[in-house]
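Only one structure is covered here, and it is reproduced in the block below.
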Amino acid sequence: MFELIRADAQTRARLGRLTTPHGVIDTPVFMSVGTQASVKALDPRELREMGTQIILGNTYHLNIRPGMDIINQAGGLHPFMNWPGPILTDSGGFQVFSLATIRKIQAHGVEFRSHMDGSLLFLGPKEAMAIQRQLGSDIAMVFDDCPPHTSTPRELRAAVERTIRWAAECREQPRGEGQLVFGIVQGGSNEALRKECAAALVGLQFDGFAVGGVSVGEPEPEMFRAIEMTEPFLPADRPRYAMGLGTPAQLVELVARGIDMFDCVLPTRVARNGTAFTRRGSISVKGGAYKADFRFIEEGCDCFACKHFTRAYLRHLLNVGEILGLRMLSVHNTRMYLKVMEDIRSTIADGTFAEFHREFVERYVPTQKVLLARAAAGER
Ligand SMILES: [Zn+2]
């Protein structure tokens, strides 16, 4: 199922290959987020042409709209959205704990009110696995308790215990044909809890392991530490997935820390705000500085937008609210992420990843927020 092709000699980076019912995925891989059965503003043909290997769907959202009755009538998520490649579905745990109004956490799941219409719903290990089975995803995630970054040690412990118990319940549920199931390690910034959670989940023999409870509002140094304290306890012969991360530079940093799989809404989300990612950091194409800038978004980028449209034109589209502007920024940002992953894979393969890693991080100018967090961590 997962083949470890090469482990980098100087970092913890790994080159691998993951086989799923809808195709083989080369890792490290970036997975585009298609929460509502669509990668925002991009169609399956463009995604394919850009080199997208796998996309994400979401249990919580799809169960509310359009509902499983419609997905079942369509024959599953693949035919419904006409995406022939692999799909990973999130279990809905994160959304229940972050979006919904929780009414009661029970032994076998959570009673909550839909963030859409306030209707009373219940989601637990059994329900989340049944929905993911019907969606027909290639990789299903366990239903976990993802506590906020501000949790007390006591709340964190309760969340880890619940996550382990629910993971065991998920493991017992029937799964789709060939469907892989990944466990999710919680534990916040607590090293003992991370270790305990990882050990328990590894004992349950999942097909892969995710590090959850990252990208929940914590500063970057804390996020890196959470990954570093979890990774040593994950088996080398299974893929590792860091959930909900990150910027291009963070992806390179996390690959160097032994992570194989990523998903993030950033490429398409910031595109809709008029921001483009480049290898030197993000730029606000909407800004006045690009009014008469007739260069492409990024020199050397092979995306459709960078082959056809200038910054000045894209800025104009964004400023007058033309859909093409945000579509082209989504095209560029998504292709940019995928190309960074391609470069990561080729440099791991030829033994030059450590150099690529160093140069990439040196060149990349992080946002002010990230810089401030780094400075604060250095002072401690
Ligand atoms: Zn481009």
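Using the structure shown, decide if THR35 is assigned to a loop (DSSP other than H, G, I, E, B) and of a type in the set (S, T, N, Q). Criteria met by THR35.
THR367 meets each of the listed conditions (1) hydroxyl-bearing (Ser, Thr, Tyr); (2) within 19 Å of ARG257 (Cβ to Cβ); (3) away from the ligand (no atom under 15 Å from the Cβ) apart from (2).
Quick check: is even one residue across segment 190-209 under 27 Å from GLY57 (Cβ atoms) and touching an Asp or Glu at 6+ places or on another chain (Cβ under 7 Å)? No, every residue in segment 190-209 fails to be under 27 Å from GLY57 (Cβ atoms) and touching an Asp or Glu at 6+ places or on another chain (Cβ under 7 Å). Looking across segment 329-346, just one residue is away from the ligand (no atom under 16 Å from the Cβ) and surrounded by 22 or more Cβ atoms within 10 Å (Cβ to Cβ), and that is ILE344. For segment 302-328, a residue qualifies if it is near the ligand (Cβ under 9 Å from one of its atoms) and in a helix (DSSP H, G or I), and the qualifying residues are PHE304, ALA305, CYS306, LYS307, MET328. Based on this model, can you work out whether MET129 counts as of a type in the set (A, V, I, L, M, F, W, C), loosely packed, with under 15 Cβ neighbours inside 10 Å and under 25 Å from HIS78 (Cα atoms)? No. Filtering ASP293, ASP350 for residues that are open to solvent by 10 Å² or more (accessible area, probe 1.4 Å), within 16 Å of the ligand (Cβ to nearest atom) and free of Cβ contacts under 8 Å to residues at least 24 places away in the same chain leaves a single hit, ASP293.
Would you say GLY57 is touching a Leu at 6+ places or on another chain (Cβ under 8 Å) and under 20 Å from ARG327 (Cβ atoms)? Spelling it out, it is not the case that GLY57 is touching a Leu at 6+ places or on another chain (Cβ under 8 Å) and under 20 Å from ARG327 (Cβ atoms).
Kindly indicate whether ALA354 is farther than 23 Å from PHE30 by Cα, over 22 Å from the mean Cα position of the chain (by Cα) and part of a helix (DSSP H, G or I). No; evaluated as a whole, the condition is false for this residue. The requirement of being within 21 Å of VAL255 (Cβ to Cβ) and at pLDDT 95 or above is fulfilled somewhere in segment 187-199, by at least one residue. Considering only residues in segment 72-85 that are of a type in the set (A, V, I, L, M) and under 23 Å from the mean Cα position of the chain (by Cα), the one that is least open to solvent (accessible area, probe 1.4 Å) turns out to be LEU77. For segment 149-268, please list each of the strands (runs of 3 or more DSSP E) lying entirely inside it that holds at least 2 residues being open to solvent by less than 30 Å² (accessible area, probe 1.4 Å) and not hydrophobic (A, V, I, L, M, F, W, C). Per the criteria, 240-242. Could you list, in sequence order, the residues of segment 325-347 that are without any contact (Cβ under 8 Å) to a residue 60 or more places away in the chain and either of a type in the set (Asp, Glu) or closer than 25 Å to ALA312 by Cα (or both)? Within segment 325-347, GLY325, MET328, LEU329, ASP343 meet the criteria.
The values are calculated or read from the model by the stated rules, or taken from the named source; none is laboratory data. The model shown is predicted, which means the values in this text are computed figures rather than measured ones. Cβ atoms come from the backbone with ideal geometry, glycine included; neighbour counts cover every protein chain shown. Side chains are part of the model used for accessible areas, which takes the heavy atoms of the whole protein and leaves out ligands, DNA and RNA. Shrake-Rupley method; radii C 1.70, N 1.55, O 1.52, S 1.80 Å.
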